[in-house]
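Where a number appears in this text, it was derived from the coordinates with a stated rule and is not lab data. Every value quoted in this text rests on a predicted model; they were computed, and no experiment measured them. Quick reminder, even Gly has a Cβ in these numbers, built from the backbone with ideal geometry, and neighbours come from all protein chains shown.
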Ligand SMILES: [Zn+2]
């Protein structure tokens, strides 16, 4: 589960390639054919993650100001890329963890065995 989340692996066969873009899932697993699009992860982790990373960046910026007192551009070249990288990585890990949890618990849309009569 941890490796699936951290590395973006398929929850069924463990192959790489869960993500097609920066933080968007591939349509299906290239090795076992597991349909990633049937999982409804959404962007649930995004707000929580942004708050967490934002708070962390503020704490680091405060510490830098008090301990080092650097010029303003030091904040831009250190905290800017670090915050972006942390958000992208965290979003990937969060979405992969949610997808793996849904896969393990067989969560998803209910599909009725009976067809609705017209
Ligand atoms: Zn797979």
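What's the angle, to the nearest 10 degrees (0 to 90), between helix 44-67's Cα axis and the longest principal axis of the chain?
For helix 44-67, the angle is close to 10 degrees.
Determine the distance separating the Cα centre of region 1-17 from the Cα centre of region 66-89; give it in Å without decimals.
So the separation of the two Cα centres works out to 30 Å.
For a quick protection proxy, order the peptides 16-24, 68-76, 92-100 by their average other-Cβ count within 10 Å, most packed first. Could you put the intermediate results ahead of the total?
Details: 16-24: 13.6, 68-76: 9.4, 92-100: 21.1.
The most tightly packed comes first, giving 92-100, 16-24, 68-76.
Short version: what are the Cα gyration tensor semi-axes of region 40-93, square root of 5 times each eigenvalue, largest first, in whole Å?
Details: eigenvalues 141, 23, 8 Å².
Rounded to whole Å, the semi-axes are 27, 11, 6.
On a 0 to 90 degree scale, rounded to 10, what angle separates helix 72-105 from the longest Cα axis of the chain?
20 degrees
Show me, bin by bin at 5 Å from 0, the whole-percent P(r) of region 1-72 based on Cα pairs.
Here the calculated profile for region 1-72 is 3, 14, 17, 17, 11, 9, 9, 8, 6, 4, 1.
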